[in-house]
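Heads up, the thing below is written out as structure tokens.
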Amino acid sequence: MNLTQKIIGSHLVSGTMTPGSEIGLRIDQTLTQDATGTMAWLQFEALGIPRVKTDISLSYVDHNTLQMNFRNPDDHRFLRTVAAKFGGVYSGPGTGICHQLHLENFAKPGATLVGSDSHTPTAGGICSLAMGAGGLSVALAMAGEPYYIPMPKVVRVFLTGALTGWASAKDVILELLRRRTVKGGVGRVFEYAGPGVATLSVPERATIANMGAELGATGTLFPSDGVTRAFLKAMGREADWRELGPDADAAYDEEEAIDLSALVPLAAQPHMPDRVVPVAELDGLPVEQVCIGSCTNSSYADLKLVAQILDGHRINPGTDAMISPGSKQVLTMLAQEGLLEPLIGSGARLLECSCGPCIGSGGAPVTSGVSARTFNRNFEGRSGTKDAKVYLVSPLTAAQAALNGKFTDPATWGTPPAKPELPADPPSIRHLFVFPPENGDGVEVLRGPNIVALEKFPRLDASGDVLEANVVIRLGDNITTDHIMPAGAEILALRSNIPAISEHVFVRVDPDFVKRARAVSEAGGNGVIVAGENYGQGSSREHAALAPRHLGIRAVIALSMARIHRANLVNFGILPLVFVNREDYAKVAQGADIRIPLTEITPGGVTNIEIAGVGVLPVRNDLSAAELDIIRSGGLLNAVKEKM
Ligand code: MIC
Ligand code: SF4
């Protein structure tokens with residue numbers, strides 16, 4: 001067996017390990033963050049279960065820590081008290097970014113982890129089968145319910161050699177994105193193997209696992225070996241280590257091979273993580289902003305390298321450089337080693353240990369400015385400046401861009417600093433986590449006015465056997481959940497308030513969408529979204545399904561869909577349908593009236609839908625019988641409650 005099959009096999013509660021078929025997995029750990037966590041915990045509360053049933057469930061606050069008015073702090077207080085009541089562990093604002101904290105403090109080799117954030121697979125760097133999901137799916141996992149996914153195909157990425165010169169872990173995953181594109185990992189787990197693996201530290205592996213999300217992958221796995229053991233020991237958790245790897249004769253569905261020693265510094269150009277070119281090709285391009293941090297590249301080693309490069313130099317005055325350490329442990333190590341001084345002295349700005357500029361929570365670039373970021377997503381507008389041009393690079397490349405005020409050819413950078421090792425006895429920040437009382441009965445969950453109660457949606461067939469609907473918007477390929485439901489400080493503050501956040505659906509794509517969707521639903525009609533390939537890639541935010549549902553969207557018809565978003569559509573009772581014939585996508589115009597015969601929809605079957613003025617077109621669904629029942633019930637919460 002390969003590693004994926006071993007971990008899945010030991011957690012399988014239903015299904016068989018045939019790629020594509022539905023499997024149910026027992027989940028050991030969950031994590032939520034503030035931007036998705038309020039919904040997830042409200043949904044958990046609605047299930048009426050007194051305590052989480054996982055080994056551990058974390059409630060992190062890291063996305064929106066700006067607290068510009070009562071909304072964020074109210075959310076944070078809710079998340080702290082709800083975790084205490086139901087047995088979750090709370091990590092408050094400023095403690096660190098959920099994925100970095102989880103890697104350092106809680107992730108275990110061989111464990112399953114589901115998190116309401118698409119970069120949850122970061123923990124694959126320590127050999128957890130870690131997957132991103134919508135908040136409601138995580139709530140169910142907290143309730144001890146299995147997590148359902150299609151059994152992934154397993155891709156072996158065979159690493160040889162070792163990184164040399166200025167190449168780094170970021171360049172490994174950028175290389176894979178260059179080869180495979182943002183949809184090249186859908187339905188797959190990427191399992192790293194080969195002699196090159198042992199040359200990578202756990203945080204380097206985590207960088208690679210983190211951006212497996214950009215491939216659309218279900219997860220990424222590194223074996224648990226001596227390197228893993230040394231990392232866990234440094235984190236004071238050697239007892240969590242166990243050796244875990246594939247069998248010598250393991251079989252894989254697909255193969256990739258990367259010679260680490262052949263890699264050079266790479267950059268993903270605006271506005272997709274797969275638009276990858278060598279940094280050398282960008283030579284001379286002025287860089288107005290540099291952002292270092294995010295769950296991809298905010299480890300101790302990443303920031304130490306940056307400090308060493310900046311040491312004794314002044315950042316180009318025309319370049320605004322900011323650094324967000326991944327955790328207070330990282331920050332403390334930098335402080336203890338005197339590494340903050342070179343950072344501050346170079347002119348860089350030290351930000352809080354949080355997501356910050358990565359999610360547009362501050363740190364927007366100048367008008368049409370170039371920003372070099374060590375982050376994982378460069379979708380248009382995500383930075384907060386619509387015409388900014390964001391390049392995704394390694395911390396090494398970012399530090400060089402900050403110094404030079406422009407991209408330069410790595411051949412001119414001289415000798416790179418040596419790869420940092422963790423200090424002998426890293427400081428622990430475990431005392432900063434708030435562990436729940438044995439019994440939460442006496443805990444009062446504190447809410448604020450921005451935390452709005454969950455909406456109850458009717459059954460799909462509430463108004464008859466045929467769904468009469470209107471195509472409210474027609475979109476192209478690779479539409480991200482950032483396009484559907486943008487983030488940024490202002491909109492993020494509304495994550496607990498669906499009626500309010502719904503006003504922002506598709507604003508950056510089509511400012512009239514909400515008006516049209518409302519007009520359709522106020523006239524008693526239903527809405528449909530039509531899209532091209534890979535609809536809903538990117539963030540796991542269930543708001544990208546929930547808010548459209550609030551606006552009356554009942555079906556999405558696309559050429560293909562991203563895994564997590566498709567699951568979120570199901571969770572909120574929206575039909576995910578796929579064109580059987582590619583050419584039919586061009587035939588469905590915005591504004592068209594559609595009839596979907598609900599009674600003719602069968603699990604995995606083809607249904608003929610009628611488009612006014614066009615005729616009958618076949619669409620397929622890839623729903624299991626259980627998923628179809630969920631949609632018919634009007635969503636997962638309804639379905640679970642009916643079952644209970
Ligand atoms: C992101 O990077 O897009 C986020 C913000 O972390 C999201 C979660 C969210 O939208 O709250 C993600 O990756 O899932
Ligand atoms: Fe936070 Fe950015 Fe990572 Fe998302 S990708 S969890 S916003 S740091």
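Worth a mention:
- For the chain, the share of DSSP beta bridges that are antiparallel, to the nearest 5, is 35%.
- Between E337 and A230, the FRET efficiency from the beta-carbon distance, with R0 = 22 Å, is close to 0.70.
- Extension gain, S10-T199: 0.36 nm per intervening residue step, less the Cα-Cα distance, totals 65.2 nm.
- In the range 524-626, the chymotrypsin sites (Phe, Trp or Tyr not before Pro) that fall in loop regions by DSSP, at most 15 other Cβ within 10 Å: none
- Three principal axis extents describe the C-alpha atoms of the range 474-550; from largest down they are 32, 30, 19 Å.
- Distance between modelled label sites at A262 and A453, nm, 7 Å Cα→Cβ extension: 6.2 nm
- The mean of 1/r over all distinct Cα pairs in the range 177-268, once inverted, gives the Kirkwood hydrodynamic radius of 14.6 Å.
- Projected label distance in nm at D622 and A162, using a 7 Å step from Cα toward the beta-carbon: 4.1 nm
- Divide the volume of the convex hull around the Cα atoms of the range 344-405 by the residue count and you get 86 Å³ per residue.
- Contact order for the range 284-358, expressed relative to its length and based on alpha carbon pairs under 8 Å spaced 6+ residues apart, stands at 41 percent.
- All other residues whose Cβ lies under 13 angstrom from that of G524 are scored, Lys and Arg at +1 and Asp and Glu at -1, for a net of 0.
- With 0.36 nm allotted per residue and the present C-alpha distance subtracted, the E421-E600 stretch has 58.4 nm of extension available.
- Gyration tensor verdict on the range 387-442 (Cα atoms; rounded if a/c is under 1.5, prolate if a/b is larger than b/c, oblate otherwise): oblate
- Look at where the Cα atoms of the range 398-415 and of the range 254-279 average out, and the two centres are 18 Å apart.
- The range 61-174, Cα convex hull volume normalised per residue, Å³: 154 Å³
- Cleavage-rule hits (trypsin sites (Lys or Arg not before Pro)) in the range 434-517: DSSP loop, at most 12 neighbouring Cβ within 10 angstrom: K456
- Taking 1.567 mPa s as the viscosity and 4 °C as the temperature, the Stokes-Einstein diffusion coefficient of the chain based on its alpha-carbon Kirkwood radius rounds to 53 µm²/s.
- Taking the range 225-350 and dividing mean pair separation by its residue count, relative contact order in percent (alpha carbons under 8 Å, at least six apart): 19 percent
- Taking a ≥ b ≥ c as the square roots of the eigenvalues of the Cα gyration tensor, an a/c ratio of 1.5 or more together with a/b larger than b/c marks the range 531-588 as prolate.
- Tail beyond 13 Å, pair distance distribution of the range 29-80 (Cα, percent): 59 percent
- Anisotropy class of the range 318-439 from Cα gyration tensor, a/c 1.5 cut: oblate
- Relative packing of peptides 398-405, 122-129, 71-78 - highest average C-beta neighbours within 10 Å first: 122-129, 398-405, 71-78
- Sorting the Cα pairs of the range 572-626 by distance into bins of 10 Å, from 0 upward, gives 23, 56, 20, 1 percent per bin.
- Estimated at 0.36 nm per residue, the fully extended path between A586 and D477 surpasses their Cα-Cα distance by 38.0 nm.
- Local net charge near A586, Cβ-Cβ under 14 Å (Lys/Arg +1, Asp/Glu -1): -1
- Model label zone, A519; criterion: amide N under 14 Å from point 7 Å along Cα-to-beta-carbon; scope the range 577-614: 590-593
- Ratio of Rg to Rh over the range 542-644 (Cα coordinates, Kirkwood Rh, two decimals): 0.97
- Note on K233: lysines with a C-alpha under 17 Å away, same-chain residues under 8 apart excluded, are K108.
- Note: relative contact order over the range 498-625, using C-alpha pairs below 8 Å and six or more positions apart, is 19 percent.
- Ranked by how many other beta carbons lie within 10 Å on average, peptides 213-224, 542-553, 275-286 from highest: 213-224, 542-553, 275-286
- Stokes-Einstein, applied to the Kirkwood radius of the range 122-233 over Cα pairs at a viscosity of 1.306 mPa s and 10 °C, places its translational diffusion at 109 µm² s⁻¹.
- For peptides 517-523, 381-387, sequence by mean Cβ density within 10 Å, most packed first: 381-387, 517-523
No lab work stands behind these numbers, since they all come straight from the coordinates. Here the structure is a predicted model, which is why all the values come from computation and not from measurement. As a convention, Cβ positions derive from the backbone with ideal geometry for all residues, glycine included, and neighbour counts pool all protein chains shown.
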